[in-house]
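Scroll down for the structure; my scribbles are underneath it.
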Amino acid sequence: MKKTLLTTLSLCLAMVSGFAQENFSIDSLMAKMTLEEKIGQMNQLVGNILTGSISNSGIKAKISAGQVGSILNARGESVAALQKIAVEQTRLGIPLVFGLDVIHGYETCFPIPLAMASSWNLETITEACQVAGQEASRDGIAWTFTPMCDIARDPRWGRIAEGAGEDPYLGGEIAAAQVRGFQGNLDKPTDIAACVKHFALYGAPQAGRDYYTVDMSRQQMFNEYLWPYHAAVKAGALTAMSSFNEFESLPLTCHKYMLQTVLRDIMGFQGMLVTDYAAIREILQHGAAADLKEASVRSANAGVDMDMVAEGFSTTLADAVREGLVDEAIVDRACRRVLELKKKLGLFENPYKYNRPEELELNGSAQNRAVARKMGAQSIVLLKNESEVLPLAPGKKIAVVGPLADLSMEMIGCWAVRPQNHRPVTLLQGLQQRFGAENVKFARGCHVLENEALENQISFHDRKDRGWDIPSDKLRKEALSIAKKSDVIVAAMGELAEMSGEGSSRADITIPEPQRGLLKELVATGKPVVLVVMSGRPLILDWEDENVDGIVYAWHLGSEAGNAIADVLSGDVNPSGRLTVSFPRCVGQIPIHYNHKNTGRPAGDFQPYKKYISLYQDVVNAPLYPFGYGLSYGKVEYSDLKLSSAKAAVGDKLSVSVKLKNPSERDITETVQLYIRDKVGSITRPVKELKGFRQVCVKAGSEMTVELELDSAKLGFYNSELQYVVEPGEFDVMVGPSSDSRSLLRSSFVLE
Ligand code: GLC
């Protein structure tokens, strides 16, 4: 009651402040602002991400002096308290906008974005983002730094976990679905601002090392990397974020061509651009500025509107303007964009709109967890099911072995914000609930990593529960003992949550020892083994693919991990996940992606070694598991691929139809994928490009015809002059269950 009264009182104060009037205009407000106050709006400071509070009194002083426009990482009551300072103690009473990384959930933790992408289910992805935004909006958050739109083709890069994988078209569809989920129509207090990040090309660091150099041609950038950012802009994202990396030997944070010409002039972005965390200060590390003032001048002149945490703008820009290094019009433009963001979010009418403590009890609700469970099950990818070891039949004696079977907080993945209030369901709990505790025996079997210090350096979750007080040989002995008495072994192995995500690149991406060694001993028992992999990235599974009966990729699925996995292992849910990133056979194949070029000496995906063509002496070109791949219980048969015409004019839309048959006894959710190949272009074109997909339920024993639309306007590309062109010529059309050429039906048409 007290809190509601506070909110009402604050609202009254806001009304008095004059911003609540209908005719409030940003022009009139800016006319009153001093240069320092305008620069203050361009300044974002940071709270404690764990507590959500601001302990630093200096920040409060800066807020009351009108030197702060936004706060990162504050939550709950500290947001209300800081907003009160901004609204009541500053000269103009301009409210703050509070931002936070609500990447895959707030209190209800959803699967990591790479897992959600594997569902190919845009509706569920939007629903998950809606729930995440609703929960965050109750706790003071008006702005999330999502969607991450970085195309990634290198699983050594830990942040592959945060994106949608390797494909431009699918990445764009998913980014737009996330923007819709968080922003809605911006007409509800649960709608929060989205952010197109990390602009740009952050997912292409050389050697897969985070923050490392990015270098590519502008053709490759435009044709293979920019579309997801552009799609998020088209979806109406209110903000964008410049990335840490350099491109063309310029840090993106001061790259005027990228931030002005590409993002604004070509893509039409009109929102507010914030830097990544202290990225202005990092320009000094890059060696592209001698001091913070030079870095700030370069960033402001390149088009950055808000400085995240570096305090470069707030400490140097006023002098820079007075010295003529930055035109005051640049400051006016940036300040206006910040104020427009706040106005679109309704913060001037009600600065406490996102403080609804009375609603917090709705966070983590059973309803929200049900969405997480559905999202989780749809995100799981079945990679192997030898002799139909899955689904597990009721009554089976199941041995659950592996260190990730009961580490609850490791299921939250790399960007979870508040899951401690709602501990995730573990795989062990999920299986016990589904199959009965009497049928499910557990043994940890080994630790996640070779030594405790390394594990504790990587993860602070559940340290006491990781079994370091038990000798390794005892762990192993227990595991083999229950394994030998079981009908089937479910091995839960992979990565800790923090082994992927930011600053978490790995050069060896196999399942870490001692887990892999234990897996080999489990296989040696001769019992059927189902490997459930929890990971934030594709791992190298060459040995596992050869020797394990079933492989289920369960990523890091969040609050309902154990139940979602049990839903699939039991067959209650028929797995429908399909990979959005290629799984390499070995690190030597990286970067590996399906939409590669043909080269002048092409070699087939499975071509045995032959000199003087483009392949390796020691491994085939094909990935272990290709983009778009995933199994279900039962298999859909494709036939009768038909095009509505063998010829089309530029601008025409072709209809592509294919017949599906499901001879199995289970309904199958099938993702029909449509690829094209532009046979000849003024520049070389990929051997395959995803241009459409449809997810349909093919009822058990039924047949159906699915139609997809192929818009010839989407067959274009950026040519040598960086002009977007659609060139006439012959196009292959391929339709099937994955990008594996062996599974695709083919046809063709001529664009005139
Ligand atoms: C981080 C990340 C970015 C995040 C930002 C704010 O370093 O690079 O994705 O949104 O800082 O936390």
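Coordinate-derived values only; no laboratory data. The shown structure was predicted, so the numbers you read here are calculated from the model rather than taken from an experiment. Here Cβ is always computed from backbone atoms with ideal geometry, including for glycine, and neighbour counts include all displayed protein chains.
Taking the criterion of being in contact (Cβ under 8 Å) with a residue 60 or more places away in the chain and in a loop (DSSP other than H, G, I, E, B), the residues of the range 657-674 that qualify are ARG666, ASP667. ASP187 satisfies every condition listed in (1) assigned to a helix (DSSP H, G or I); (2) under 21 Å from ALA136 (Cα atoms); (3) among the acidic types (Asp, Glu) except (1). Scanning the range 365-387 for any residue that is assigned to a loop (DSSP other than H, G, I, E, B) and under 24 Å from GLY430 (Cβ atoms) turns up at least one such residue. Within the range 106-141, how many residues are surrounded by fewer than 24 Cβ atoms within 10 Å (Cβ to Cβ) and among the hydrophobic types (A, V, I, L, M, F, W, C)? Here the count works out to 1.
Checking each residue in the range 233-255 for being away from the ligand (no atom under 14 Å from the Cβ) and either within 22 Å of ILE192 (Cβ to Cβ) or not in a strand (DSSP E or B) (or both) picks out VAL233, LYS234, ALA235, GLY236, LEU238, GLU248, SER249, CYS254, HIS255. Can you name every residue in the range 193-224 that is away from the ligand (no atom under 15 Å from the Cβ), on the phi < 0 side of the Ramachandran plot and not in a loop (DSSP other than H, G, I, E, B)? Correct list: GLN206, ARG218, GLN219, GLN220, MET221, PHE222, ASN223, GLU224. The condition of being farther than 27 Å from LEU715 by Cα and of a type in the set (Lys, Arg) holds for only one of LYS234, LYS256, that being LYS256. Checking GLU328, GLU323, GLU282, GLU358 one by one, the residue that is surrounded by fewer than 22 Cβ atoms within 10 Å (Cβ to Cβ), over 26 Å from the mean Cα position of the chain (by Cα), acidic (Asp, Glu) and under 25 Å from TRP143 (Cβ atoms) is GLU358 and no other.
Would the range 472-486 turn up any residue that is of a type in the set (Asp, Glu) and assigned to a loop (DSSP other than H, G, I, E, B)? Walk me through it before giving the result.
The first filter runs over the range 472-486 and keeps only residues of a type in the set (Asp, Glu), leaving 473, 478.
Then drop every residue that is not assigned to a loop (DSSP other than H, G, I, E, B), which leaves none.
The answer is no, given that none of the residues of the range 472-486 is of a type in the set (Asp, Glu) and assigned to a loop (DSSP other than H, G, I, E, B).
Only a single criterion out of (1) buried (at least 17 other Cβ atoms within 10 Å of the Cβ); (2) away from the ligand (no atom under 16 Å from the Cβ); (3) under 27 Å from the mean Cα position of the chain (by Cα) is not satisfied by GLY536, namely (2). Selection of the range 100-129 for residues being more than 30 Å from PHE583 (Cα to Cα) and either free of Cβ contacts under 8 Å to residues at least 60 places away in the same chain or more than 16 Å from the ligand (Cβ to nearest atom) (or both) yields only GLU107.
Summed over the range 596-632, residues that are of a type in the set (D, E, K, R) and in contact with an Asp or Glu (Cβ under 9 Å, 6 or more places away or on another chain) total 1.
Could you tell me which numbered condition ARG336 fails, if it satisfies all but one of (1) under 28 Å from CYS109 (Cα atoms); (2) part of a helix (DSSP H, G or I); (3) of a type outside the set (Val, Ile, Thr)? So ARG336 meets the others, but not (1). Contact map, the range 35-51: first residue farther than 19 Å from LEU339 by Cα, second residue more than 15 Å from the ligand (Cβ to nearest atom) and not in a helix (DSSP H, G or I), Cβ cut-off under 7 Å, separation 6 or more or different chains; pairs are GLY47/SER53; GLY47/ILE54; ASN48/SER55. With respect to (1) touching a Leu at 6+ places or on another chain (Cβ under 7 Å); (2) within 30 Å of PRO686 (Cα to Cα); (3) of a type outside the set (D, E, K, R), the lone exception for TYR212 is condition (1).
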